[in-house]
Amino acid sequence: MQDNQSPKKRFRLFDSQREGKGVEKNELDKEPNLRRFFRLYKDNLNKLLSLNIVMVLGLFPLAFLVLGLSNVMTVDFLTPTSDLYTTLRAVLLTKDSLSPSELISLGIDGLAVTDSARTVWNYVFFGLSLLTFFTFGFVNVGAAYVTRNICKGEAVFVYSDFFYAIKRNWKQALAFGMLDLFLSILIIFNLFTTLQNGSGIFTGVLFWANLIFGLIYFFMRSYFYVQMVTFDLKGFKIIKNALIFALVGWKRNCLAFLGILLLVIFNLLFIFGFGAVLLPIGIAFPLIALLAHSTFMSTYASYYKIKELMIDPYYDENGNELAESAES
């Protein structure tokens, strides 16, 4: 007989500790396919939203970069539109009356527009934004641990798991985070500069070389942090394995890349494509969803390839070790 006094369900969107729906008995749901991806995504949406908040807080130095690039601390001033501005005004303004031709010259070469100059505070904010090099790896390793556990179907406690991963891997996370952010900035800078330098053959070759390298590196970086939280490996071994996984797992990597690309395009459409009405949604989306959802996609693509090649050959179905080490 059903209990009439059972409590009503409450809506708790950001409660990362609430119980999930449990593990389904259907063995097909254990296959690392799109069906499992969307099931895990639906069941763990609240945890991903909570994770995104933690990631945004961990990347707080980027707020200083936004302030440094904004006009909040700049000083406005007038600047001439023509090199003849000073001479022309000095000559013409000494006259009591101006001819029509002189008025036309004054109207063309004697105009000034408002411009802005950065102050010392802008550069202070730019300097503070460099703190991102110290927090970038911590955020990625914590997010990789949380999303890896979601992919494994384990119980996830977002905040405690996030900081547990940082505490356990902080040295490698710091080193890899600095290298990762530096290479990411360098690749993006190279792509933009080659695009702006014309359409010559040499420039085209450089652009496509940078694009291919950037794509391979994008695939590799999703394996860095998952390996870090799964195995006890040296830095060189992590990089070597990541390169191998980026190539042999190219199908899963491409699907993850397309998914992340669609999220970014969706975000940019709300910022630039739909006018000021939907602009707040475009600004809020990275703060509540973009980072964690992108991390979940890349981890889902990378973890199962790591499991296939580095875990399954050395353990049986019950988790008992079959070889001396899963790292060999």
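The values are calculated or read from the model by the stated rules, or taken from the named source; none is laboratory data. These figures come from a predicted structure and were not determined experimentally. Because the Cβ atoms are built from the backbone with ideal geometry, glycine has one as well, and the counts that use them run over all protein chains shown.
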Checklist entry - Scanning segment 51-75 for residues that are modelled with pLDDT of 80 or more and more than 20 Å from the chain's Cα centre (by Cα), which turns out surrounded by the most Cβ atoms within 10 Å (Cβ to Cβ)? => result 74
Next on the checklist: I'd like to verify a number: residues in segment 13-50 that are more than 21 Å from the chain's Cα centre (by Cα) and either part of a loop (DSSP other than H, G, I, E, B) or modelled with pLDDT under 85 (or both), how many?
Outcome noted: 21
Item to check | Checking residue 144 against (1) touching a Lys or Arg at 6+ places or on another chain (Cβ under 6 Å); (2) modelled with pLDDT of 90 or more; (3) of a type outside the set (Ser, Thr, Tyr), the condition it does not meet | outcome: (1)
Next on the checklist: What's the number of the only condition in (1) in contact (Cβ under 8 Å) with a residue 60 or more places away in the chain; (2) not in a helix (DSSP H, G or I) that residue 277 fails to meet?
Outcome noted: (1)
Item to check | From the options 182, 202, 189, residue that is at pLDDT 95 or above and surrounded by fewer than 17 Cβ atoms within 10 Å (Cβ to Cβ) | outcome: 182
Checklist outcome for this item: Restricted to segment 276-314 and to residues being within 15 Å of the chain's Cα centre (by Cα) and under 17 Å from residue 220 (Cα atoms), the residue surrounded by the most Cβ atoms within 10 Å (Cβ to Cβ) is 296
Checklist entry - Going by the structure shown, is residue 226 modelled with pLDDT of 95 or more, assigned to a helix (DSSP H, G or I) and under 17 Å from residue 295 (Cα atoms)? => result yes
Checklist entry - Got a number for residues in segment 108-164 being surrounded by 13 or more Cβ atoms within 10 Å (Cβ to Cβ), part of a loop (DSSP other than H, G, I, E, B) and among the charged types (D, E, K, R)? => result 1
Next on the checklist: Can you list residue pairs whose Cβ atoms sit under 6 Å apart, with the first residue in segment 35-47 being on the phi < 0 side of the Ramachandran plot and of a type in the set (D, E, K, R) and the second being surrounded by 15 or more Cβ atoms within 10 Å (Cβ to Cβ) and modelled with pLDDT of 95 or more? Count only pairs 6 or more apart in sequence or on different chains.
Outcome noted: 47/158
Next on the checklist: If a residue must be polar (S, T, N, Q), touching a helix residue (DSSP H, G or I) at 6+ places or on another chain (Cβ under 7 Å) and without any contact (Cβ under 8 Å) to a residue 24 or more places away in the chain, how many such residues does segment 131-181 contain?
Outcome noted: 1
